[in-house]
1. Can you bin segment A:197-270 into rounded, prolate or oblate? Criterion: square roots of the alpha carbon gyration tensor eigenvalues sorted a ≥ b ≥ c, rounded for a/c under 1.5, prolate for a/b above b/c, oblate for the rest.
2. Given a Förster radius of 30 Å and the C-beta distance between residue A:428 and residue A:91 as r, what FRET efficiency does 1/(1 + (r/R0)^6) yield to the nearest 0.05?
3. Rank these for me by crowding, B:427, A:100, going from fewest to most other beta carbons within 10 Å.
4. What order do you get for B:119-128, B:157-166, B:324-333 when each peptide is scored by the mean count of other beta carbon atoms within 10 Å, highest first?
5. Find every distance from the label point of residue A:450 to the corresponding label point in the other copies (7 Å from Cα along Cα→Cβ) and write them in nm, one decimal, shortest first.
6. So what is the relative contact order of chain A, in percent, for Cα pairs below 8 Å that sit 6 or more residues apart?
7. For peptide B:170-178, how many partner chain Cβ atoms fall within 10 Å of a residue's Cβ, on average?
8. Could you sort A:83-90, A:173-180 so that the peptide with the highest average Cβ count within 10 Å comes first and the rest follow in order?
C-alpha cells in the first residue's frame, strides 16, 4: 500500500530557496582561468542568460520569486506526489518510515524540467533565439528540448556518445520537440575535433559535451548555453522539490531524519535537501543529508576539494569543487546522469563543512535496489535514482538493527522506462562493477589547482 | 497553457458502470463454437476468474462496486488529470474547446492498469496462482505483469513477435516485474506450432498470441487467462476513465459534444465513452462518440458484423462483432495495440445501432497529429493515442469552418516514451501507409459466420 500526499495549486511554492544567502560559510567564488580573479555576474553574460548569471552569484536573497510563466508550466506536472512507501518498508521488514518524492511524473520522466523551464524562460525574456546544451543519459537534453519548444526557441544538444548509442529513445524524444542532436565528441567544434584527434574512439563524457556546447554558444549569434546540473542557479530551481516536500511532510505529520538523493552534479540532491537543511543551520533540526554517488565516479567520497574546470577543454571558469579532475573519463555505467567529474560549488562547500555526507554505490547494488523498488512500489526507477534507493535501503536496514522508526525521505528523480536497455543488460548478467585505483584518481587530479594556493581570503560572510 | 482538473480521493468513483444493463439493445450472446448455443458465465469459468465471467454476462446491474483493494491500487496513480489543451487549440486556431483525459500518468504509461489490477485481484481472491495473457505493443503485458506482482501471482505473457522485436523495452519492463515473456507465435504451444508450420516467418498477431495464452491457461493447473481489451468485463473496468472525466468536466463547467478515443478492441474507447453515452440513451444529451481506428486494420469502418472467433486458432467462443475475420493478418503498423481483427461485443452492437461512429486514420496522419500534440501540450503520445488525436484535430478543424465552440474530449490512452523507435522511423522517412483491398477484406471474412444464420431471437431486453 502507498499513501500519497499532494498540494493544491494554491499551496504550491511561489519562490525558490537560495541557500547561498544562508550558508554558514559562503562558497568560494568562481575564478577567471587566465587572471585567477573572482568572476562577477557580468563576466558570465556572454554564455548564460543574464538573470541566470545574477542568480548564480546571488549571496543576498534567500528567496527568489518564480516567474508566473514558469509557474504556469510547472503546473503541467506539479505538485509531484510525496509517497509513503509502505510496501517497500514491509518487504525490508524495517521500522523506518520511507517516503519518496516522485519526480518521475513529469512529462519527460525526471526532475530536469524544473530547471529547463526557467532557463528557457529567461533566455526568451532576454531576446535569445537559440539555446544549446550537453546531455548524458538524455534526461536533461529532453527536458531542455521540451522547454525550448514551449518558449519557441531553437535547441541544439550535444549528447555523450555512449549514451547516444545506449539510449536512442532519448534522442528521438529530443527530435520530437524539434531539437538538433549531435553525438559528442563531434567534428563540429574545435573542442570535439581536438579530443577525437587525441582519442579517436572517445566514448564521450559530460565534460567533453559541455566544451562543445559552450563553444557553440560562444560562436553562434543570439545563442546561450544552458546547463542541467552543477551550477548554483540550476540547484536553486530544483529547490521546488524540497519546498513542496516540506509542506507535504507536514501533511503526513512527519519530518525527515534523513534526506537522500543520487548525486551527479548535485542539483536533484540540493533540490530536495536545501529547503530542509536551512533548519539545520539555525540548530532547529538535525536531519542527515546523504548524497549517493556511483562507485565508479566517486568525486565526493574519493575526490579532492580543488579549483577545477567544469569541462574537459577548459572553457569554463575555475570552480571550487570536489573533483576527480576535469580530464577524468568515467566508466560506461548506465546511470549516465551521474557520470560527471565534479560536484557543484554549493554542495562542495557543504560537504567540506560537514553539513552533508556522501556514500558510494556500485552499479549492481543500484540495480538490485531499483528492482526491489519496482516490485514493491510499482515504479521502475531511472538508473540514477536507483542509487538513492540503494542508500535508502542501507539506512532502512540499519533501523532493523536499532529498532529506530527513522523517517527517511528520498528523491525519486526519474523513471527508468526509457532506460530499459540497461535493465535488460542487468538481467542478462552483462553488467559489472568498475573499480577505480587510487593511482588513477591521483593522476587525474594533477590538472586541478589547490584551493589555498589561489584563494586564501576568509570565507565568512 | 494547460488547465488541469483533478478529483480528491474522496471524490473518486467507487463503482464501475456496466452499460450492458442499460443499452437499448442487449448485445447478442457469445456462442459455444461446437453447439452454437449461447454460453453461460459458468461455461467460461475454466478460462477466466469466475467473478470476471459473471461480469462478462451481467445484463442486470448498471453499477458494480470496485473492491477496496482495487481502489487502493487505483490510488497509486488515479485520479488521472483532465486537461484543457489551450496550446493545441491555439496552434490549430480552432474555436473548439479541446480536453483530454491523461491516462499516460499511470506508472506503466497507459490506461491498461485499470483492468489489469482488478483481473489480478479477482484471480488472487479465487486462489489462482498463475496468470497468462497476450500482448501487442506490450502496454497490456506490462500492466498485467505489474498487477500480478502486486498480488503475488506468477505471470506468463505471449508478446506478438513483431512488437517483441520493435519494442524491446516493454519486454524488459515485464521482466522487471518478474514475468516470463515469450515471443508469439512460439513452439511452446500447439497453436503456435501449427501456425509456424504453415507460415514459418509469421510476425505474430494478437489473435495468435491469444490462442497461445488460452492454451497455456487450459493446460496449466491453477492458471487463468486474462485479456487486455475486447471483452465486456475489461471495458467495464475502464469506465473508471469516463466516470472520473464526467466529474472533472463538471469542474470545468462543460459537457462534451464529442468524445473520441483510439480503437483496438474497444476498452479505452468504451472506458471514456460509456459513462457519457448513458445520458444519450435517455435522450438527455446528444454527444457524438467517435472511435479512431487505423486504416490498415479497419474492422469498424470496413469490416462486417458477424459471429467470429476472438483468436486465430479458434479456441475462444464465437463472438458477435465487427470483424475483419480471425485469420486477418494486420500490417506491421507501429500502433501495435490497434492491430486486432475484431471489436468488442458491446461496441459492435452500439455501432450497429448508431450510438457511435468510427473513422479510420492512416499511420502518417497519426504521427503528424502526435508530433503537433507533443510540441504544444508537452506529452509525447503513444502511437495508438495518436489516432485519437488525429480524429480530434479533424473535428477541431471543422469547427474553424463552422465557427462552433464545440467541446471535444479525447482519451490520451498512453504516452509514447517507450515507443520512440516508432517516432524515429517516422523522422527518418521509413514509415508508410498500408492500403487494404476490398478483395482482401472479403477473403478474410469467409471464416466468420453470418449473424442471422445463428441467432434470430429478438434482442430487446
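Throughout, read-outs are computed from the coordinates displayed, never taken from laboratory work. Values in this document were obtained by computation on a predicted structure and should not be read as measured data. Backbone-built Cβ (ideal geometry, glycine too); neighbour counts: all protein chains shown.
1. oblate
2. The pair residue A:428/residue A:91 has a calculated efficiency of 0.75.
3. Least to most surrounded, the residues fall as B:427, A:100.
4. Top to bottom by mean Cβ count within 10 Å: B:157-166, B:324-333, B:119-128.
5. Here the equivalent label points are 9.9 nm apart from this one.
6. Over chain A, the number comes to 19 percent.
7. 6
8. Packing order, densest peptide first, comes out as A:173-180, A:83-90.
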